[in-house]
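One structure below.
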Amino acid sequence: MTLPNTELPKLRDSRTDRAQLTGLAVGGGVIVTCLLAWWVLTDVTEIIAPLYFPAPSEVSSALAQIGETLFSDALATLLRVLASWLVGSIIGVVVGLAMVRSRTLFFALTPIIEAVRPVPPVALIPFIILWFGIGDSGKLVLGALACFMVMVVNTIVSAGNVNPVFGRAARSLGAKEGQVYRTVILPAIVPELVSGLRIGSALAFAVIVAAEFLGAEAGIGRLIMQASRTLNTPVVLIGTIVIALEAVAVDRLIKTVSARLTRWSDTET
Amino acid sequence: MAVIDIVNVSKRFTTRQADTLALSRTDLRIEDEEVVCVVGPSGCGKTTLLNLIAGFLEPTEGQVLVGSERVASPDASRAVVFQSDAVFPWLTVRSNIGYGLKLRAVEKRDRLDRVEHYAKLVGLEDFADAYPKELSGGMRKRVDLARAYASGPEVLLMDEPFGALDIFTREAMWLALHKVNRTEPKTIVFVTHDIEEALFIGDRVIVMTPRPARVHQEIVVPFGSDRHLDLRGTAGFQELRLSISHSLREVSHDIA
């Protein structure tokens, strides 16, 4: 997360640099304190029973045991998330733009989208398993569906906010309707799309892991579910930490790439 | 040849609440490479006239001809410079100027040469890689002007293009427009509510009546093509200015 800037824009000076450093120091301090408290409460004083929350020593020995499968599980989840996120988001943007362009399509698809959108994707898991089995395809469809819903709405709303003068200017410079969408509407909404992409990636993690709970050959969700059946809390904790790390890494990646794509924009992402 | 012929054109806007006649049986002919400024009370339908020539609107009655072709939709032969900032913020100055050429798949080397030429013409050669947000309002207007010229139109339609600029920047833009148009004369229709601007820019000034708009008066501007800012201080200029001002007051009184 980035602290939203609610103050009037001001010139970058040594004071804002210092404020940023202070922020980093505070954040780092909190993390160190939490780790320390964890260690003290479990390993040192044993105030918290290992069943409720595993000690650092248990976690590290569990890590050594599952090392190899952990890697393949982490990779399986990450690949599913990235694939479904990418496919779902792209289809979402394309369908969204098509709906903005064609009133018929807009009126035809809106009721379906509005009906499916409020349904938590996780609630669809039983059907997905029935239709696609417990293999990869069902999980990918579910993750893609979640991202699609976010992006299609995001695209329609932000395309509606593009200043019409840009489209008129483009047309008077010779752009045909399709070219207006490709060279004006799409680039103009990139900053708004980025926030949808970030929400979508977080959602994809949630949906994919939940789907893995109910059955998968590999994946962090499978790892956590299997460990929880035997009350193996250290492994459960490792699983959640891996998900968090992967989610943060993907989010950072999106931020870095989008910062390049939206250099022209005033808004910070 | 880009002669604009407006033949008996009316434009009616019909909404559920109201029925507005914006333009009423207007006839106007603009010669090839002529610069015509249209002045009139605000809301009189000047912009409607421009949008009809641009092809953003279709006339309810009559027809608009450019060359000898009837205007039916926007086209690269008629570039528009708007009052609001229409430079694409996601493109650099260079890509903005080259936008129209790229649409027509002009070969890259050729395109960059022409972009360079127009960037230089409006004095932006040092800002080719900048994004619009890094430029001042006046510089963005220069980009807009260069973009319109670079796309190679026959007609340039300007809708109060300098209305949002301060007076010094506006004067600089007048001179920039003069310079560019001397190098490459176009048929220009320039809508404004600033009489001084109309007289300084135009070969001819058209005074419109309030809604529904009709042509009230035409003034041929006798100052030649080589104009200096001090022209505005001369007696001839002030006389014309006063006469247009009276004429505008006359038509405004009709509705008051």
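General remarks:
- Normalised convex hull volume, segment B:6-61, alpha-carbon set, Å³ per residue: 85
- GNM flexibility winner over chain B from B:179, B:108, B:11 (Cα, springs under 10 Å): B:108
- Rg/Rh ratio calculated on Cα atoms of segment B:75-135 (Kirkwood radius): 0.95
- Cβ-defined net charge surrounding residue B:3, 15 Å radius [Lys, Arg +1; Asp, Glu -1]: -4
- Ranked by the mean number of other Cβ atoms within 10 Å of their residues, highest first, the peptides B:35-41, B:231-237, B:192-198 fall in the order B:35-41, B:192-198, B:231-237.
- Checking every one of the GluC sites (Glu not before Pro) in segment A:27-86 against DSSP loop status and a limit of 15 other Cβ atoms within 10 Å picks out A:46.
- The residue A:177 and residue A:90 beta-carbon pair, evaluated with R₀ = 22 Å, returns a calculated FRET efficiency of approximately 0.55.
- Within chain B, percent of DSSP bridges classed antiparallel, to nearest 5: 55
- The 3J(HN,Hα) values that the Karplus relation (6.51, -1.76, 1.60; θ = phi - 60°) gives for segment B:20-35 are, in residue order, 10, 9, 8, 9, 10, 6, 8, 10, 7, 10, 10, 6, 4, 6, 8, 10 Hz. Gly and Pro appear as x.
- Shielding of peptide A:162-171 by partners, expressed as the average count of other chain Cβ atoms within 10 Å per residue Cβ, is 6.
- Highest mean first, the peptides B:80-86, B:245-251 sorted by other C-beta atoms within 10 Å per residue fall in the order B:80-86, B:245-251.
- Calculated [222 nm] ellipticity per residue, helices only, for chain A: -25500 deg cm²/dmol; basis is -39500 (n - 2.57) per DSSP H run with n ≥ 4, divided by all residues, nearest 500.
- Sorted on the mean count of surrounding Cβ atoms within 10 Å across their residues, most packed first, peptides B:141-150, A:172-181, A:104-113, B:109-118 read B:141-150, A:172-181, B:109-118, A:104-113.
- Over every Cα atom in chain B, the radius of gyration and the widest Cα-Cα span, Dmax, amount to 18.3, 58 Å.
- Note on B:95-107: average number of Cβ atoms from other chains within 10 Å of each residue's Cβ is 2.
- Residue order, fewest to most beta carbons within 10 Å, for A:248, B:155, B:180: A:248, B:180, B:155
- Alpha-carbon centroids, segment A:154-204 and segment B:182-244: separation in whole Å: 39
- If you wrap the Cα atoms of segment A:55-261 in a convex hull and average its projected area over all directions, you get 13.5 nm².
- 10 Å Cβ neighbours from other chains, averaged over peptide B:74-86: 5
- Proximal charge balance of residue A:125 [Cβ under 12 Å; K/R count +1, D/E count -1]: 0
- Over the protein assembly as shown, equivalent-ellipsoid semi-axes from the Cα gyration tensor in Å: 62, 27, 20
- Stretchable slack from residue A:117 to residue A:64, in nm (0.36 nm times residue separation minus alpha-carbon distance): 14.9 nm
- Among A:42, A:183, A:230, the residue with the largest mean-square fluctuation in a Gaussian network model of chain A, with springs joining Cα atoms closer than 10 Å, is A:230.
- The trypsin sites (Lys or Arg not before Pro) of segment A:192-269 that DSSP puts in a loop, and whose beta carbon has at most 13 other beta carbons within 10 Å, are A:263.
- As a proxy for reagent exposure, A:39, A:131, A:264 were ordered by neighbouring Cβ count within 10 angstrom, fewest first; the result is A:131, A:39, A:264.
- Under 5 Å between amide hydrogens, built in the peptide plane, is the criterion, and for residue A:265 it picks out nothing among residues at least 5 positions away or on other chains.
- Pairs from A:139/B:133; B:102/B:141; B:133/B:179; B:133/B:186 whose Cα-Cα separation, in the structure shown, is over 31 Å: A:139/B:133
- Gaussian network model of chain B, Cα within-10 Å springs - most flexible of B:60, B:26, B:47: B:60
- Normalised alpha carbon radius of gyration of segment B:121-185 [divisor 2.2 N^0.38 Å]: 1.08
Rule-based calculations on the coordinates, nothing more; no lab input. The shown structure was predicted, so the numbers you read here are calculated from the model rather than taken from an experiment. So basically every Cβ, Gly included, is an ideal-geometry build from the backbone, and we count neighbours across all protein chains shown.
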